[in-house]
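Report on the following structure.
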Amino acid sequence: MIDLKKIWQDVCQKIIGLEGVNAISYSVWIQPLKPVCVKDNELILLAPTQNMKHVVNRSYREPIKAALKSTGSFFTDIRIISEDETPFYTDEIAEYSEKESVAEERPSQFIARYTFDNFVVGESNKLAYHAAQSVAKSPGVSDNAYLSFNPLFLYGGVGLGKTHLLHSIGNYVNEHSPELKVLYTPTEQLTNDYVEAISNNRNEKGVFNLHAFREKYRTVDMLMLDDVQFLQKRTGLQEVVFHIFNDLYQAGKQIVLTSDRPPSEISTLEDRLRSRFEGGLIADIGTPNLEMRIAIVRKKMVLEKIAVNDDVVNYLAEHIDSNIRELEGSLAKVIFFAKLKGLPYPDIETAKEALKNSVQKKSGIDSSDILRAASEYFGIPQSDIISKKRTKDVVEARMIAIYIIYEMLSLPLVTIGQIFGGRDYSTIIHSRDKIASKIKQDPATARAVKDIKASVSE
């Protein structure tokens with residue numbers, strides 16, 4: 001069955017940036033098109049008006065064909081039709097409408113929009129992404145032991161993409177290996193099931209008892225357990241999970257776990273269960289850097305078929321840096337504010353108005369306070385910190401000051417570059433990201449950042 005929506009979505013992801021297609025032209029002329037059927041190896045796209053049909057044929061036909069070709073599709077061409085031409089395609093439209101409705105009726109545990117294709121990959125998540133792909137393609141025990149990640153343990157903060165990867169695995173397996181039985185469950189649901197099972201009569205048929213509980217969790221080909229940090233302090237449930245884990249693992253079934261922290265930091269987790277969790281691959285999902293946040297906003301624009309100017313994209317990415325979920329929510333808020341004001345797409349002033357409560361400079365602190373604190377901490381003159389000097393101690397102090405200014409003041413990167421002697425955008429990004437990485441590995445760097453922040457906050 002040809003999934004027209006999926007094919008068109010792939011085309012839309014690839015078309016912005018091709019010659020003659022920017023965000024605005026995409027929003028006005030391409031977004032309204034709807035794939036309705038296939039005929040004679042042509043993808044038939046319905047335009048809302050005759051005028052739109054003529055404009056698309058004249059100006060955007062070739063970019064659409066190029067994007068379609070780049071998806072690897074077998075279609076040889078496209079055809080743009082208007083509403084009054086649909087009677088000539090009645091049978092084909094009816095056929096694809098029927099297939100689409102049947103597909104939509106199939107129940108699924110997984111959110112359809114969460115796929116590997118629309119997951120933005122960067123330095124902070126590439127290990128988790130590739131490991132999840134490997135598990136989806138070869139679940140369970142693999143002939144190549146080094147490619148077998150069982151269990152796969154993904155951890156990271158709220159809104160960084162753990163759930164997206166879980167659902168991507170599930171959607172991939174459902175599509176490519178539909179014979180496999182996959183079960184996704186939050187730990188809270190597992191807890192509720194267990195409580196219900198032990199509350200019911202074990203010998204009574206037709207109720208969810210312990211036997212039914214065991215059947216539910218031990219007879220699957222892949223078990224995805226979300227938020228396993230909630231297992232802590234639940235001794236009885238840990239016992240149950242331990243035996244479920246062993247049964248599945250020994251049967252060669254795939255186990256995927258997520259948490260907001262690594263197994264070693266889940267307090268009161270039994271040692272034997274922690275050992276099982278650590279027996280496969282542990283992959284961290286970190287906070288996305290600026291380039292990745294920009295890519296996330298742009299990807300969201302394509303998926304939701306909305307247009308936003310580059311200055312608004314950059315503003316969002318620079319100021320909303322805590323997690324992906326908040327970034328996407330902020331984009332939706334900016335779009336909503338633009339609609340309330342009757343704008344075709346949001347400008348920078350609308351973005352600032354929409355996010356004024358989210359983006360706030362810390363009261364009473366400016367860059368000179370941070371530079372002064374860094375100068376005093378390292379015993380290096382402020383003039384050296386913002387100069388071109390490249391001695392090791394000066395470079396270290398400079399990068400830490402850049403990082404703290406970015407963290408505490410949420411200034412645009414261009415502005416930070418101007419504070420430090422007109423340094424360019426890439427230099428500021430490098431300094432910020434290097435210190436962010438060193439904080440995790442070097443206690444001295446972490447202590448310096450903490451002490452300087454504390455001194456300017458007093």
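Descriptive notes on the structure:
- Only one of the numbered conditions (1) part of a helix (DSSP H, G or I); (2) at pLDDT below 80; (3) within 22 Å of Lys300 (Cβ to Cβ) is violated by Glu95, and that is (3).
- Complete set of residues in the range 161-203 that are open to solvent by 10 Å² or more (accessible area, probe 1.4 Å), outside any strand (DSSP E or B) and of a type in the set (A, V, I, L, M): Leu180, Val195, Ile198
- Residue in the range 283-295 that is in a loop (DSSP other than H, G, I, E, B), out of contact with any Lys or Arg (no Cβ under 6 Å at 6 or more places or on another chain) and closer than 23 Å to Met222 by Cβ present: no
- Total residues in the range 394-434, condition more than 22 Å from Gly122 (Cβ to Cβ) and basic (Lys, Arg): 2
- A count restricted to the range 276-290 and to residues that are polar (S, T, N, Q) and modelled with pLDDT of 85 or more stands at 0.
- Matching residues in the range 31-61 - criterion: being farther than 24 Å from Val308 by Cβ, in contact (Cβ under 8 Å) with a residue 40 or more places away in the chain and out of contact with any Ser or Thr (no Cβ under 8 Å at 6 or more places or on another chain): Cys37, Val38, Lys39, Ile44
- Any hit, the range 176-184, residues being basic (Lys, Arg) and at pLDDT 85 or above: yes
- The residue pairs whose first member lies in the range 239-257 and is on the phi > 0 side of the Ramachandran plot, whose second member is surrounded by 13 or more Cβ atoms within 10 Å (Cβ to Cβ), and whose beta carbons are closer than 6 Å, counting only pairs six or more residues apart or on different chains, are Gly252/Gly140; Gly252/Val141.
- Among (1) in a helix (DSSP H, G or I); (2) among the hydroxyl-bearing types (Ser, Thr, Tyr); (3) over 28 Å from Ser124 (Cα atoms), the one test that Ser387 misses: (1)
- The C-beta contact set for the range 332-345 (first residue surrounded by 13 or more Cβ atoms within 10 Å (Cβ to Cβ), second residue small (Gly, Ala, Ser), distance under 7 angstrom, 6+ apart or interchain) comprises Lys333/Ala354; Val334/Ala351; Val334/Ala354; Phe337/Ala354; Tyr345/Ser27; Tyr345/Ala307; Tyr345/Ala338.
- Qualifying positions in the range 111-150 - of a type in the set (Asp, Glu) and either surrounded by 16 or more Cβ atoms within 10 Å (Cβ to Cβ) or modelled with pLDDT under 80 (or both): Asp143
- Candidate set: the range 50-75, residues that are more than 15 Å from Val36 (Cβ to Cβ) and more than 33 Å from the chain's Cα centre (by Cα); chosen: the one most open to solvent (accessible area, probe 1.4 Å): Arg58
- In the range 303-331, of all residues being among the polar types (S, T, N, Q) and touching a helix residue (DSSP H, G or I) at 6+ places or on another chain (Cβ under 8 Å), the one that is least open to solvent (accessible area, probe 1.4 Å) corresponds to Ser330.
- Any hit, the range 55-75, residues being more than 19 Å from Lys6 (Cβ to Cβ), in contact with a helix residue (DSSP H, G or I) (Cβ under 7 Å, 6 or more places away or on another chain) and among the hydrophobic types (A, V, I, L, M, F, W, C): yes
- Residues satisfying the stated conditions in the range 410-445, i.e. open to solvent by 40 Å² or more (accessible area, probe 1.4 Å) and of a type in the set (Lys, Arg): Lys434, Lys438, Lys440
Residue by residue, here is whether (1) under 25 Å from the mean Cα position of the chain (by Cα); (2) modelled with pLDDT of 90 or more; (3) charged (D, E, K, R) holds:
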site	(1), (2), (3)
Ile416	no, no, no
Ile419	no, no, no
Lys434	yes, yes, yes
Ser437	yes, yes, no
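- Here Arg298 fulfils each of the conditions (1) basic (Lys, Arg); (2) within 25 Å of Trp8 (Cβ to Cβ); (3) surrounded by fewer than 17 Cβ atoms within 10 Å (Cβ to Cβ) apart from (3).
- So Asp311, is it modelled with pLDDT under 80, closer than 24 Å to Thr415 by Cα and among the acidic types (Asp, Glu): no
- Taken over the range 250-275, the criterion of being buried (at least 19 other Cβ atoms within 10 Å of the Cβ) and either under 18 Å from the mean Cα position of the chain (by Cα) or modelled with pLDDT of 85 or more (or both) is satisfied by Lys253, Gln254, Ile255, Val256, Leu257, Thr258, Ser259, Pro263.
- Any hit, the range 395-406, residues being loosely packed, with under 15 Cβ neighbours inside 10 Å, at pLDDT 90 or above and either among the polar types (S, T, N, Q) or farther than 17 Å from Ser455 by Cα (or both): yes
- Residue list for the range 207-226, filter: part of a loop (DSSP other than H, G, I, E, B) and surrounded by 18 or more Cβ atoms within 10 Å (Cβ to Cβ): Asn209, Val220, Asp221
The values are calculated or read from the model by the stated rules, or taken from the named source; none is laboratory data. Model, not experiment: these values are computed from the prediction. Positions of Cβ are backbone-derived with ideal geometry, glycine not excepted, and every protein chain shown enters the neighbour counts. For the accessible areas, the whole protein counts, side chains as well, though only heavy atoms, and no ligand, DNA or RNA atoms are used. Shrake-Rupley method; radii C 1.70, N 1.55, O 1.52, S 1.80 Å.
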